[in-house]
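Encoded as structure tokens, the structure appears first; notes follow it.
The values are calculated or read from the model by the stated rules, or taken from the named source; none is laboratory data. Only a predicted model underlies this, so the values are computations on that prediction, with no experimental measurement involved. Backbone-built Cβ (ideal geometry, glycine too); neighbour counts: all protein chains shown.
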């Protein structure tokens with residue numbers, strides 16, 4: 001009886017919880033299974049939740065939080081992968097592309113990420129507030145996260161009142177209208193017109209005014225500030241606005257932030273580059289990098305669990321061993337044969353090692369990415385950033401110990417050192433202490449403003465007067481510090497190591513993968529896979545220094561050389577083994593036949 | 001699983017050899033006297049169990065056998081020791097393994113070609129088996145292991161097992177097989193290598209035993 005009562009209470013509670021959940025579920029968060037998708041004819045709302053009408057005299061920019069939030073759970077979405085880097089309760093995941101804090105004067109290029117990836121610094125560690133973070137990286141910032149953290153610094157609080165917060169720009173990904181222009185969003189971000197960025201890039205409105213130029217005493221009630229003008233025809237007679245919203249973002253929308261450029265191809269020859277083999281086959285980015293309402297986008301990791309398990313290279317092409325239904329060949333992917341490749345390769349290498357990026361060369365080329373080098377900006381705010389120099393493909397051991405193709409750059413920054421711990425010095429402090437040396441105009445060399453070792457020593461001397469702990473400079477894989485008699489000393493240090501992250505795309509077709517020309521693609525005594533020379537990029541003047549890939553892989557050079565050299569004898573080995581086996585087989589055959597004859601004779605004699 | 005099976009199999013074969021030598025001692029003389037141990041040691045070190053012959057073919061055969069035994073030792077150590085210790089074959093051990101392997105298979109080929117005639121089964125083997133069976137209680141010999149055909153069984157088994165051991169790796173170096181095939185070939189290599197090692201240990205024991213028994 002008691003159990004029955006418990007069951008009834010349990011079922012009732014479950015129904016009640018489900019009902020509440022259903023009640024909280026917004027119109028756009030469900031999916032009734034109809035694949036045609038809804039038409040998005042929307043009532044625009046400003047950031048205070050007030051409807052925007054065509055006839056509004058002083059029109060406000062629409063707020064994605066309020067407008068999209070009418071039907072979609074903004075809070076749930078804001079916990080998605082693109083927006084949650086600032087949250088402490090989110091697992092870091094494998095290393096990815098970090099933001100790079102670059103400054104030409106202080107010769108700084110510092111990997112920054114709120115996720116705490118190894119080799120990066122959190123914004124607060126480098127003296128960046130959430131506001132500073134958005135100012136530094138706004139051009140390709142998707143909104144949410146740091147963009148919605150309330151400023152605490154009084155000056156920044158005032159600026160945030162004028163500029164607004166950076167809400168998630170839902171349209172950046174989901175607005176398929178050809179007028180959607182992220183370059184315009186980037187321009188608004190550069191002007192600190194944060195609350196206007198989504199409207200400006202949507203193609204529905206024109207924004208005039210620059211928030212960063214407005215006085216801190218600006219009063220929107222009385223002063224002329226930033227003007228929003230909705231384009232004619234944006235509103236229908238019911239003051240509704242049509243947005244061409246797609247659930248699955250188009251590739252061009254992903255590409256705004258996720259493009260990379262091979263600098264060795266050169267701008268005039270950009271047309272010669274092939275696209276990723278998956279794109280060429282008709283797949284879109286979101287066919288693999290999918291997500292649900294929570295926007296936890298599948299990153300393609302092999303260690304993903306649950307529904308994303310088969311959305312990795314291995315999961316999609318091979319399926320999951322032991323699954324109840326066949327899963328290999330998802331989306332029509334071919335099941336690789338990997339003929340003649342010993343299975344040890346799959347334990348030692350990631351799929352990307354052989355299939356991603358460009359075919360390895362003896363000197364890995366320089367690359368740029370949209371996020372780090374602010375690619376994709378058009379018009380007057382177009383930039384042509386060359387630093388930091390990214391190198392790829394660099395074959396490095398990844399977190400799981402397997403070698404994969406990576407992007408790499410060498411961090412450069414001023415820091416203090418206590419014990420072995422290195423903490424970057426905020427750029428402003430460096431300039432305050434040593435601006436006289438660092439700000440001097442010099443001719444650029446290889447995009448850097450070069451520094452002499454003497455200048456580094458002088459800056460360290462000045463920083464030591466200002467900082468409590470020992471100042472150091474990190475560049476080109478070395479840590480520089482003042483030794484006895486203020487002489488500059490350089491040494492290796494873990495904090496001076498390169499920052500690298502996996503290079504997943506573009507994937508090359510099987511016919512262009514490593515190993516297609518047999519073992520010699522990698523196993524020669526001068527193969528780029530192991531012995532390519534990676535530039536130790538640094539502003540410090542001196543001879544160009546190179547480090548071999550095998551050293552970055554943490555493999556003993558002599559061993560790798562000897563192992564690769566042994567492949568010279570491999571044809572001979574095969575010849576010996578096949579010949580020997582042929583002889584043994586022949587002997588076994590002859591004596592086997594003889595045995596049969598003996599048995600046959602014995603049987604016939606017995607019969608006689 | 002392979003690690004566990006290997007560990008158990010080696011323990012079983014070595015334990016079996018020990019037990020067998022205790023249950024069926026080689027002779028009536030005390031087995032652990034200084035002289036007996038020295039004699040057995042000399043047998044082992046000089047491989048006196050092989051027939052001493054002055055002809056060049058026999059000398060080559062002996063050389064091939066000695067070299068083959070050395071290779072077997074190296075291959076066994078490099079192949080099984082890292083595995084039994086919980087690791088895997090790699091690095092310099094793998095290089096040594098792959099360097100010695102072709103020498104080993106060449107030695108086996110030479111020994112098989114040159115010894116096939118000698119290791120043919122004959123009427124005498126079965127007669128000796130019957131004799132031993134009859135006199136097993138008085139002679140203290142094991143009719144299954146101490147008849148002349150026992151080492152011949154080992155010879156032919158080893159010859160046959162050497163084929164999958166060697167071919168599985170050589171074929172995997174050609175583009176004939178894909179991933180599944182490669183995995184299969186690797187499994188064939190290690191399981192047949194395990195079988196080869198066990199048969200080889202047992203055969204070596206039998207050869208030593210029969211040579212010691214000849215001295216009685």
Fill in the blank from the handout: Selection over region B:81-106 where residues are within 19 Å of residue B:164 (Cβ to Cβ) and touching a helix residue (DSSP H, G or I) at 6+ places or on another chain (Cβ under 6 Å) yields a count of 9
Problem - Residue count, region A:205-228 (criterion: in contact (Cβ under 8 Å) with a residue 40 or more places away in the chain and within 18 Å of residue A:180 (Cβ to Cβ)) - result: 3
Exercise for the section: Within region A:591-606, identify whether any single residue is under 30 Å from residue A:110 (Cα atoms) and more than 8 Å from chain B (Cβ to nearest Cβ), and answer yes or no. Expected result: no
Completion exercise
Filtering helices (runs of 4 or more DSSP H) wholly in region A:542-607 for at least 1 residues that are in contact with a strand residue (DSSP E or B) (Cβ under 9 Å, 6 or more places away or on another chain) and more than 18 Å from residue B:156 (Cβ to Cβ) gives A:549-552, A:557-565
Fill in the blank from the handout: residue A:196 passes all but one of the listed conditions (1) assigned to a loop (DSSP other than H, G, I, E, B); (2) crowded, with 23+ Cβ neighbours inside 10 Å; (3) more than 23 Å from the chain's Cα centre (by Cα); the exception is number (1)
Completion exercise
residue A:315 fails exactly one of (1) in contact (Cβ under 8 Å) with a residue 24 or more places away in the chain; (2) touching a helix residue (DSSP H, G or I) at 6+ places or on another chain (Cβ under 9 Å), namely (1)
Fill in the blank from the handout: Considering only helices (runs of 4 or more DSSP H) wholly within region A:220-292, the ones with at least 2 residues that are under 21 Å from residue A:185 (Cβ atoms) and in contact with a helix residue (DSSP H, G or I) (Cβ under 6 Å, 6 or more places away or on another chain) are A:251-258
Practice task
Give A:109, A:118, A:156 a once-over and let me know the one that is on the phi < 0 side of the Ramachandran plot and part of a helix (DSSP H, G or I).
Solution key: A:156
Fill in the blank from the handout: Those residues of region A:85-106 that are in a loop (DSSP other than H, G, I, E, B) and touching a helix residue (DSSP H, G or I) at 6+ places or on another chain (Cβ under 7 Å) come to a total of 5
Handout entry: Check on residue B:82, crowded, with 17+ Cβ neighbours inside 10 Å and more than 7 Å from chain A (Cβ to nearest Cβ)
Key = yes
Completion exercise
From the option list A:587, A:577, A:507, A:516, single residue qualifying as buried (at least 16 other Cβ atoms within 10 Å of the Cβ), within 14 Å of chain B (Cβ to nearest Cβ) and closer than 30 Å to residue B:179 by Cα is A:577
Practice task
Go over the candidates B:167, B:161, B:198 one by one and state the one that is away from every other protein chain (no Cβ under 14 Å) and either under 17 Å from the mean Cα position of the chain (by Cα) or surrounded by 18 or more Cβ atoms within 10 Å (Cβ to Cβ) (or both).
Solution key: B:198
Fill in the blank from the handout: If we keep only residues of region A:547-574 that are more than 11 Å from every other protein chain (Cβ to nearest Cβ) and touching a residue at least 40 places away in the same chain (Cβ under 8 Å), then the residue farthest from residue A:349 (Cα to Cα) is A:547
Practice task
Return yes or no: is residue B:196 modelled with pLDDT of 90 or more, under 28 Å from residue B:73 (Cβ atoms) and in contact with a helix residue (DSSP H, G or I) (Cβ under 8 Å, 6 or more places away or on another chain)?
Solution key: yes
Handout entry: Meets criteria (surrounded by 15 or more Cβ atoms within 10 Å (Cβ to Cβ) and within 25 Å of the chain's Cα centre (by Cα)) for residue A:160
Key = no
